[in-house]
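Before any comments, here is the structure.
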Amino acid sequence: MKIFANTIVNNEENFIWFSIMSVVDFVDKVMVWDSGSTDKTVEIINEIKKIKGNKIEFKEVGTVDKYQFTQMRQKMLDESKCDWILILDGDEIWWEDSIKKIIKTINERSAEIDGIVVPMKVPVGDIYHFQEEAAGQYQILNRKGHYSLRVINKKIPGLHVDWPYGKESFLDKKNRLIQKREKIIFIDAPYLHVTHLQRSSFKRKYDKFKYELGKRVSKDFKFPESLYLEYPSIIPSPFGKISGLSKIKSQLLTPLRKIKRRLL
């Protein structure tokens, strides 16, 4: 089975290296399209290209609005000449064991499944603190929490993308959400989703940074392997700790966020 990662980025300099490096050796190609980054994202992707060569297909598309983003996602889907796509955002970093489980499942069960849902670990405050599961609002396969459809069979009839950024979704020919099809399975193969951390030193158009402090991980916790690899000096350490006013603000807001979640 041929598997392509589909990656659209915009100002992702802090984590894009670790994201791509976490999957590039396990998929056939990583398609990376930049939508007008003004930070070092493009420079970093070009550094990855020097190492991984033709496994990286890079294109600078330019700035897009939330409707053009969906059109770009559709065009990327159309140009993905493969059997399966892995949706890989610039804030998603995979453990090797998890991505290997995904590849193994695809190779063994491709004919009988349409997509794969997986859990995610969501740091908040800094990489050492994980958001509570109650904060996860995704409802898939009778589960609610930090879950996401990340792998899709390209042979689904009428597979397409619709709705503007923030709500954009993959649908079939009946305009049914792919995650609502019968042949969607869950695999316990988590990835690290750093969406609520600082992803760039530059302003991001659709930023999801949160002032919140989650539960601290244990001292022997193992992060995705790509975070321990050598990386270019232009990339800040992913292991920075929250401090100063940011920590104080997060400590003050965290209880309020938890109360709000339980009331809604």
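FYI, it's all coordinate maths here, none of it is from the lab. Here the structure is a predicted model, which means the values were calculated and not measured. Note that each Cβ is placed from the backbone with ideal geometry, even for glycine, and that neighbours are counted across all protein chains shown.
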How many residues are small (Gly, Ala, Ser), closer than 20 Å to residue 181 by Cβ, in contact (Cβ under 8 Å) with a residue 24 or more places away in the chain and part of a helix (DSSP H, G or I) when one looks only at region 82-134? 1
What's the number of the condition residue 37 fails, among (1) surrounded by 15 or more Cβ atoms within 10 Å (Cβ to Cβ); (2) touching a Gly at 6+ places or on another chain (Cβ under 9 Å); (3) of a type in the set (Gly, Ala, Ser)? (2)
Out of all the residues in region 20-33, is one or more hydroxyl-bearing (Ser, Thr, Tyr) and out of contact with any helix residue (DSSP H, G or I) (no Cβ under 6 Å at 6 or more places or on another chain)? no
Within region 233-257, can you find the residues that are over 17 Å from residue 93 (Cα atoms) and touching a Lys or Arg at 6+ places or on another chain (Cβ under 9 Å)? 234, 241, 247, 250, 253, 257
Name the one entry in 96, 112 that is under 20 Å from residue 222 (Cβ atoms) and surrounded by fewer than 21 Cβ atoms within 10 Å (Cβ to Cβ). 96
Out of region 228-264, which residues are touching a strand residue (DSSP E or B) at 6+ places or on another chain (Cβ under 7 Å) and under 17 Å from residue 20 (Cβ atoms)? 238
Could you list all residues from region 118-157 that are farther than 17 Å from residue 92 by Cβ and either within 15 Å of the chain's Cα centre (by Cα) or of a type in the set (Asp, Glu) (or both)? 126, 132, 133
For region 120-142, does any single residue satisfy the condition of being out of contact with any Gly (no Cβ under 9 Å at 6 or more places or on another chain) and acidic (Asp, Glu)? no
